[in-house]
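The values are calculated or read from the model by the stated rules, or taken from the named source; none is laboratory data. None of these values were measured; they are calculated from a predicted model. So basically every Cβ, Gly included, is an ideal-geometry build from the backbone, and we count neighbours across all protein chains shown. Heavy atoms of the whole protein, side chains included, go into the accessibility calculation; ligands, DNA and RNA do not. Shrake-Rupley method; radii C 1.70, N 1.55, O 1.52, S 1.80 Å.
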Amino acid sequence: MARGSAVAWAALGPLLWGCALGLQGGMLYPQESPSRECKELDGLWSFRADFSDNRRRGFEEQWYRRPLWESGPTMDMPVPSSFNDISQDWRLRHFVGWVWYEREVILPERWTQDLRTRVVLRIGSAHSYAIVWVNGVDTLEHEGGYLPFEADISNLVQVGPLPSRLRITIAINNTLTPTTLPPGTIQYLTDTSKYPKGYFVQNTYFDFFNYAGLQRSVLLYTTPTTYIDDITVTTSVEQDSGLVNYQISVKGSNLFKLEVRLLDAENKVVANGTGTQGQLKVPGVSLWWPYLMHERPAYLYSLEVQLTAQTSLGPVSDFYTLPVGIRTVAVTKSQFLINGKPFYFHGVNKHEDADIRGKGFDWPLLVKDFNLLRWLGANAFRTSHYPYAEEVMQMCDRYGIVVIDECPGVGLALPQFFNNVSLHHHMQVMEEVVRRDKNHPAVVMWSVANEPASHLESAGYYLKMVIAHTKALDPSRPVTFVSNSNYAADKGAPYVDVICLNSYYSWYHDYGHLELIQLQLATQFENWYKKYQKPIIQSEYGAETIAGFHQDPPLMFTEEYQKSLLEQYHLGLDQKRRKYVVGELIWNFADFMTEQSPTRVLGNKKGIFTRQRQPKSAAFLLRERYWKIANETRYPHSVAKSQCLENSPFT
């Protein structure tokens, strides 16, 4: 395709790319329906860390073969949460190695007696390597945190003298190595005059705390034995009609019938289909628009799929409903287009991080964060630096918050991290990310890495392969990675669709010299655009700020300095915003925890909100800017004005 023309991924006609996935099976979000039930296992689990010298006592003594409490002392551990900040035991705060979780569950009798019922155990995430046993039977293993994994355990719950009673044991290892994602190294400190024998530390190459544990929900759910395994949807627009291309995977039988209905927001049927694949046409379509871009943002249809099948045990049926947003995404040499209209990212970078719970999923915190995003006038965020919980993506679909969906490819800082084993694992992780998030209209771009050492030749080949693999998995979205390399030396930039740049002028260098920001930012943009002719997002910028620190004239770490730095960046951004700069994402939405170091005071303080979600002065500055940009860029101007002005600080 010509570089100067719009590359419209979502307008690829009937092409359906779900079959490109190398993974076996789908990963539909569990939901209750006339044919499906869910049993959440959130709450208190028994927990034990393996403090033995080799961290393998649990395997040597086979703790999974009997109740965990019989192996030694356990403690209560809430799920979901990170285990690090729950206890007063200082050893858990920085523990590296195997930890063990266990919970006993009693199943409904109908789950164990009806052999037409399939029972699945699903773990929302376990950081970073997990082994799962059910009643002492090795059932499932998974490498990598931040993504769900599951296993069919029907054969374990529908046999035996007590089929309804389950003991679920999960061992998790949070060690990071050169081949994990994110990577890390283990350093043994051998000077016995300073360190005990066998003393080691985990080295990481990213700036957030390596929280671990069962950080998202664990649940059991059922389906019929013949069931809807996966659904893949792509959308496009023809004149005033929306096109929904669907592909459905069924497992358990080849003798089945599928009926498909598309319902609007008022539950009126607008299109029908049959079979495993097809195209639904929606005349007078209501498009999915980002927040503040249209008078009716985030419009969602419902794709209802009904399966009927004949099995050896009799007839079965299955029902699944998938939210669908009809929208297109395209990129030109200077614009990012949603539904054919220029879109400007004015948003934030985030972390899944909070007091006590660490990276544990928490509904009140999530709703609070989305209320703050809407108050701020933010229309986008990047999932820095790992895929966020599925519930976050669902909220983005509902509220119209655009997402740059980033995998855990952070900390790729050393040459030894760009090896073939890492490359294969990175590709598999991208398969899992795409498989999970492919149907979310809010997700408009994939990010395969953050600040890799992209000046290395080995990194160039590595990034080329990961990007190509991601494009093959999903031709419907652009792909990027986030760079902090020199424009002339970056070996990965030729392969991305959008340039994403992190820079911290007057913070990590030229300390305090705010007067240099506009010149340095203009030089950055001009050099990158001249070389690559691609739209640019300022994907990180900001300053460390201790809430309540004040100094005028502004000095570093004060609220005044953060505001002044942002103001200088904004002046520079506005010089290029109507040319080829298509977005700005502040670092960071809120303060977050990091490893301890002399440069971090209880974590990273670059948030415009504190870790407790209270605003610093810069939050009000950013709110004023984002609402102003929203009022300038909304579409169509005549009908969206009331939507934008409703919460605007200018009314």
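Per-structure values
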quantity: Pick from segment 28-57, criterion hydroxyl-bearing (Ser, Thr, Tyr) and in contact with a strand residue (DSSP E or B) (Cβ under 8 Å, 6 or more places away or on another chain), ranking: farthest from residue 251 (Cα to Cα); calculated: 46
quantity: Any hit, segment 499-511, residues being buried (at least 23 other Cβ atoms within 10 Å of the Cβ), in a loop (DSSP other than H, G, I, E, B), in contact (Cβ under 8 Å) with a residue 12 or more places away in the chain and out of contact with any Gly (no Cβ under 8 Å at 6 or more places or on another chain); calculated: no
quantity: Output for segment 141-163, where each listed residue is at pLDDT below 95 and either open to solvent by 40 Å² or more (accessible area, probe 1.4 Å) or of a type outside the set (Gly, Ala, Ser) (or both); calculated: 155, 156, 157, 158, 159, 160, 161, 162, 163
quantity: Residue among 205, 246, 211 that alone is within 30 Å of residue 54 (Cβ to Cβ), open to solvent by less than 30 Å² (accessible area, probe 1.4 Å) and within 24 Å of the chain's Cα centre (by Cα); calculated: 211
quantity: Filtered residues of segment 339-379 (kept if surrounded by fewer than 19 Cβ atoms within 10 Å (Cβ to Cβ) and aromatic (Phe, Trp, Tyr)); calculated: 363, 370, 375
quantity: Qualifying positions in segment 452-483 - within 27 Å of residue 414 (Cβ to Cβ), assigned to a loop (DSSP other than H, G, I, E, B) and either of a type in the set (A, V, I, L, M) or out of contact with any Ser or Thr (no Cβ under 7 Å at 6 or more places or on another chain) (or both); calculated: 452, 453, 456
quantity: Checklist (1) open to solvent by 60 Å² or more (accessible area, probe 1.4 Å); (2) in the same structural domain as residue 298 (by the TED database); (3) in contact (Cβ under 8 Å) with a residue 12 or more places away in the chain applied to residue 239, failing item; calculated: (3)
quantity: Tally of residues being crowded, with 24+ Cβ neighbours inside 10 Å and in contact with a Leu (Cβ under 9 Å, 6 or more places away or on another chain) across segment 214-223; calculated: 1
quantity: Enumeration of residues in segment 525-562 that are in a loop (DSSP other than H, G, I, E, B) and touching a Phe, Trp or Tyr at 6+ places or on another chain (Cβ under 7 Å); calculated: 535, 541, 542, 543, 544, 546, 549, 554, 555, 556, 558
quantity: Filter result for the condition that a residue is modelled with pLDDT of 95 or more and either surrounded by fewer than 19 Cβ atoms within 10 Å (Cβ to Cβ) or of a type in the set (D, E, K, R) (or both), over 495, 541; calculated: 495
